[in-house]
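A short write-up of the structure that comes next.
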Amino acid sequence: MGEAPEVASWPLSPGFGTEMLYNVVPASTPGEVTLTSARMEAPAGSTTNAAKTTPATILLVDDDADTRVSIRELLEDRGYHVVAFREGQGAYAYLRDNPPPHCIVLDLWMPVMDGWEFAAEVRGGKFAPIPIVVVTAAEALWRYPVSARYVLRKPLRPEALLSLIAEALEQADRR
């Protein structure tokens, strides 16, 4: 019981999310800890004003459940708000009925409405410009619906995805 407080911190690469610093003290019950203080900086994907911090919303569209869950967890761990769909038709309905997301992470090969059709609809003038990052197993010969700069081939490297999303958000903020 007389142990010194434990400190756990994991600074992330600059611009890639949240730096957290927690000071914990062992609790009287084994396996429990008591949080004594916490500091959290605004996530890289957040928009900030003097009154509040709002996480950037990412619309994730991928039919593979494992990929969808993995990407969602990665982005939520970095402070993003994620809305996920397994196909383009549901995601398109979401866009019609809700405020636009800050960025779309889009697979191409999906049932019902594939990524090419979804991207064409989004870019068809019905919505304000929304940056799209494509994550796909498709080869370039299938003609990506966005600049190759914003395409990641599966399997994905998490830091590459985070970097492209941060870049897409930064470019959108400049408009």
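Structure notes:
- Label point 7 Å beyond Cα of residue 120 along Cβ direction - residues of region 89-112 with amide nitrogen under 12 Å: none
- Each other residue within a Cβ distance under 10 Å of residue 87 adds +1 if Lys or Arg and -1 if Asp or Glu, for a net charge of -3.
- Relative exposure of 112, 61, judged by other C-beta atoms within 10 Å (fewest first): 112, 61
All of the numbers you see were taken from the coordinates with simple rules; none came from a lab. The model shown is predicted, which means the values in this text are computed figures rather than measured ones. No Cβ is skipped: glycine too gets one built from the backbone with ideal geometry, and neighbour counts run over all protein chains shown.
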